[in-house]
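We did not get these values from a lab; they are worked out from the coordinates using the rules stated. Here the structure is a predicted model, which is why all the values come from computation and not from measurement. Glycine also receives a Cβ, built like all others from the backbone with ideal geometry; neighbour counts cover every protein chain displayed.
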Amino acid sequence: MKTSHNARRRFLSAFAALPFLGLAASHAQARRRYEVLSTPQPKAAPGKIEVIEFFSYGCNHCYEFHPLIARWAAKTTASVNFRRVPVTWNPPWASLARLYYTLEATGDLQRLDGKVFDALHKQRQRIYDEKSMRDWYVKQGGDAGKFQAAFNSFSVRNKLQVAEQSMQKMRIDSVPTLVVEGRYRMLGDTFPELLANLDALIAELRNRGAS
């Protein structure tokens, strides 16, 4: 069968375009892994790849995600700085954000972090104000005076203010949300996919020599 000159030219043109189509598909796939924030924010630890989890103890999805992100964080290398920022969208969640920074200040965060989630979501306890939080803390073996001093400290109030500013600047409108390098908001239809996309972006940033 003879092939016309025009048909041959169309075939070669289409063949030559395939690499460009592949690049476009790859770029589209990258866009689905994350969104690029319109205004990148500075990092807390220059020289490391920063990952921020925006969350709330009061969020059911954050409760489900917590053991997964905790295991992920435990396996991260020294080149990654993982930190968490509690959101303050409403008075109960603002109080829980204050509890988070209070436990951080007393040195009890690692010990009681998961227990706060359990108290709220498994045991259905209403720990949304200073007294109920202090009473709960004492039942976990903590000192009431130590808790009260941290809860009302300037350091905790300042961290709450910084958290709220970060939330606003990065336009956080849902939780849990992961932000990398102050500019990439991770996407994923499931939590495992979200973490897989996170790992892929971190590997990409390492290859680029990001710091």
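For a straight C-alpha distance cut-off of 22 angstrom, the lysines reachable from Lys48 (same-chain residues fewer than eight places away being disregarded) are Lys75, Lys159, Lys169. Only Lys, Arg, Asp and Glu carry charge here, each on its Cβ (+1 for the first two, -1 for the last two); on that basis region 26-123 has a dipole of about 280 debye about its Cα centre.
Using Cβ point charges alone (K and R +1, D and E -1), the dipole size of region 49-204 about the Cα centre works out to roughly 480 debye.
Residue by residue, region 110-117 carries 3J(HN,Hα) couplings of 4, 6, 10, 3, x, 5, 5, 4 Hz when phi is fed to the Karplus relation 6.51 cos²θ - 1.76 cosθ + 1.60 (θ = phi - 60°); x denotes Gly or Pro.
Residues in region 62-70 carry Karplus couplings, in order, of 5, 4, 5, 7, 3, x, 6, 6, 5 Hz; the curve used is 6.51 cos²θ - 1.76 cosθ + 1.60 with θ = phi - 60°, and Gly or Pro positions show x. For region 40-53, putting each phi into the Karplus relation 6.51 cos²θ - 1.76 cosθ + 1.60 with θ = phi - 60° gives couplings of x, 10, x, 8, 7, 10, x, x, 10, 7, 9, 10, 10, 9 Hz, in residue order, rounded to whole numbers and with x for Gly and Pro.
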